Amino acid sequence: MRQREAKYISLVNWIKEKISTRELRPGEKLYSENELSQMFGLSRQTVRHAIGVLESEGLVERVRGSGTYVGSRRGNVRKRMMNIAVISTYVDGYIFPPTLQGIVQTLSGAGYMTQIAFTNNRVDSERKILEGILEKDNVDGVIVEATKSALPNPNLEYYLELQKRQIALLFFNCGYPELKAPVVALDDVKVAEDAVNYLLSQGHRKIAGIFKADDGQGKLRYAGYVEALLKEGISVDDRKILWIDTEDQKALRNIKNSVLRRLTDCTAVFCYNDEVAFGLIELLHKEGFRVPGQLSIVSIDGSELSMLAEPHITSVPYPMEELGRKTAENMLNLIEEPDFDGMYLFRPELLVRDSVRKIGGIS
């Protein structure tokens, strides 16, 4: 017991000294519990106890959803609104309704109202929505699906203002790398690597890839694709990679020549998601290609769309409602506990269906 007391007292004294020498100034944010734990080799429980002692002495103050600050900020602590804003890119599609349902039901069960808005993956729409949230200033947290997250975002100042106002911020599916904010999503790198590894296990070596260029998930899935090939000793051939944007994704037939050129001499292709894979199968059938006879296909989402394709698509399932519930649960935790780690990545197993054939004598 004395050893534990000495440990937390040393941390208390260290912070007191930093405050007295004004290395830590009033209103300045203190290191997080995780950071202090690593710095001093203490358990989070011991760090939390030390912070509690300092708080009881009025030297620091914990602010829910924001962090621990030097001095008293009681005049600035936000009043609880019991309202959370949710910003999604789209309202339709096979992913968004179940995910949003999981978010709303979980928040409602905790007594929170939700206000939902959609950007249609446009940064100007995102800006208007954020301006409205800041103007009304009536939410405890904001849950966001990033808009065109692979590109520099012109709206970062609005997110920084949310954080400045101690409004909890959490992203789902993908966030902005420029912001320090947690994300609940698929482990896009790993699930893409798993999908490509399956193609490799079936004897495929000439594997093309189709990725979205305007969102972060596309880049992460490309990273997983590259990782799988390199681990197998296969060099990455840029001629087999096709980068598409949101509009291309909806109509691959409009870029038919680019698609077919990238697939030349390939026996398989990894697709960004089921929508791309479904559109690709339609295009290939019209061009007289057999799937999987001439080209095997894997993708991500494991949606109903993957079962409507002929053949049914081998795909990594996206845990739609579960991801929505986890997003909401982490937001609630962020509101209640300032230093809660809201990051969470899902890694579901591949659903093997009919769109991949074995080649090269694989048994």
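The values are calculated or read from the model by the stated rules, or taken from the named source; none is laboratory data. Note that this is a predicted model, so its numbers are computed, not measured. Glycine gets a Cβ as well: all are built from the backbone with ideal geometry, and neighbour counts include every protein chain shown. With ligands, DNA and RNA removed, areas are computed over all heavy atoms of the protein, side chains included. Shrake-Rupley method; radii C 1.70, N 1.55, O 1.52, S 1.80 Å.
The shape of segment 122-185 comes out oblate: with a ≥ b ≥ c from the C-alpha gyration tensor, a/c is at least 1.5 while a/b does not beat b/c. Computed per residue of the chain from DSSP H runs no shorter than four, each worth -39500 (n - 2.57), the mean residue ellipticity at 222 nm is -13000 deg cm²/dmol. Within the accessible surface of segment 82-211, defined with a 1.4 Å probe on protein heavy atoms only, the carbon and sulfur portion equals 54 percent.
Of all trypsin sites (Lys or Arg not before Pro) in segment 98-173, which ones are in loop regions per DSSP and have a Cβ with at most 16 other Cβ atoms within 10 Å? For trypsin sites (Lys or Arg not before Pro) across segment 98-173 that sit outside H, G, I, E and B with at most 16 neighbouring Cβ atoms in 10 Å, the list reads R122, R165.
The residues of segment 227-311 expose, per residue, 49 Å² of accessible area to a 1.4 Å probe. Simple rule: put +1 on each Lys or Arg Cβ and -1 on each Asp or Glu Cβ in the chain, find the dipole, and look at I297, N13, P98; the Cα lying farthest toward the positive end is N13.
Short-range pairs are left out: with C-alpha atoms under 8 Å and at least six residues apart, the relative contact order of the chain is 18 percent. Note on the chain: GNM, Cα springs under 10 Å; of T119, T89, T46, the largest mean-square fluctuation is that of T46.
Computed over protein heavy atoms with a 1.4 Å probe, the carbon and sulfur contribution to the accessible area of segment 217-324 reaches 46%.
Among I335, I244, I51, the largest mean-square fluctuation in a Gaussian network model of the chain (Cα springs under 10 Å) belongs to I51.
Under the rule a/c < 1.5 gives rounded, and otherwise a/b versus b/c splits prolate from oblate, where does segment 191-319 land using the Cα gyration tensor? Rounded shape, in that the Cα axes give a/c under 1.5. Qualifying chymotrypsin sites (Phe, Trp or Tyr not before Pro) in segment 313-355, where qualification requires a DSSP coil assignment and no more than 12 other C-beta atoms within 10 Å, are lacking entirely.
Looking at the square roots a ≥ b ≥ c of the eigenvalues of the Cα gyration tensor of segment 186-265, which shape do they give, rounded for a/c under 1.5, prolate if a/b is larger than b/c, or oblate? It is oblate, given that a/c is not under 1.5 and a/b is not larger than b/c. Checking the cross-link filter: which lysines have an alpha carbon closer than 20 Å to that of K164, excluding same-chain neighbours under 8 positions apart? Here the lysines satisfying the reach criterion relative to K164 are K29, K79, K128, K136, K180.
Between the C-alpha center of segment 141-197 and that of segment 231-282 there is a gap of 26 Å. Taking S88, S43, S296 in turn, the Gaussian network model of the chain (Cα-Cα springs below 10 Å) assigns the largest fluctuation to S43. Of the trypsin sites (Lys or Arg not before Pro) found in segment 216-291, those in coil by DSSP whose Cβ has at most 11 other Cβ atoms within 10 Å are R290.
The mean sequence separation of alpha-carbon pairs under 8 Å and at least six residues apart, normalised by the residue count of segment 179-283, gives a relative contact order of 34 percent.
Taking a straight line from the alpha carbon of K358, these lysines sit under 29 Å away, with near neighbours fewer than eight places off in the same chain left out: K190, K206, K212, K219, K231, K240, K256, K286. Per residue, segment 89-170 exposes 44 Å² of solvent-accessible protein surface, assessed with a 1.4 angstrom probe and all protein chains in place.
Of the peptides 354-360, 325-331, 9-15, the ranking by mean beta-carbon count within 10 Å, highest at the top, reads 325-331, 354-360, 9-15. Here Rg and Dmax of the Cα atoms in Å was calculated from the structure, and among (1) 20.8, 63; (2) 22.5, 93; (3) 24.3, 78 it sits at label (3).
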